[in-house]
Amino acid sequence: MTHHHHDSHDHSHDHSHGHSHSHDHSHSHSHSHSHDHSHELTFEQKLEKLFAHWIDHNESHKDTFLTWAGRAKEAGLSGVAENLEKAGQLSEDVTGQLKDALNNLKG
């Protein structure tokens, strides 16, 4: 899975499903053009696809935060565990906002 951000660097995320993913963090820009392509998505269709991706991706991060919170707690790092649990809770809030936006888009 590749994510695009402003600064270009690679790092990997350890997900709870037993392997890690390397993510390229480079920012890309798309440029519109004036050709008439009937296969192009409307702005709303693009948003709908992005929301689905963002929701899924954010849920994956939430699960990873909570998994590592448990591991940190087992390692005696209760402060770190609390921070990771909070990050998981905040991720749930973000997912809720994304779902609300998707519902607003769909009307």
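The values are calculated or read from the model by the stated rules, or taken from the named source; none is laboratory data. Computed from a predicted structure; not experimentally measured. When we count neighbours, we look across all protein chains shown, and the Cβ atoms used for this are built from the backbone with ideal geometry, even at glycine.
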Selection status of Thr2, at pLDDT below 95 and of a type in the set (Val, Ile, Thr): yes
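For His23, are the conditions met, namely being touching a strand residue (DSSP E or B) at 6+ places or on another chain (Cβ under 8 Å), surrounded by 15 or more Cβ atoms within 10 Å (Cβ to Cβ), at negative phi and at pLDDT 95 or above? First the steps, then the outcome.
Working: touching a strand residue (DSSP E or B) at 6+ places or on another chain (Cβ under 8 Å): yes; surrounded by 15 or more Cβ atoms within 10 Å (Cβ to Cβ): yes; at negative phi: yes; at pLDDT 95 or above: no.
In short, no.
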Flag for Leu98 being buried (at least 16 other Cβ atoms within 10 Å of the Cβ) and part of a helix (DSSP H, G or I): yes
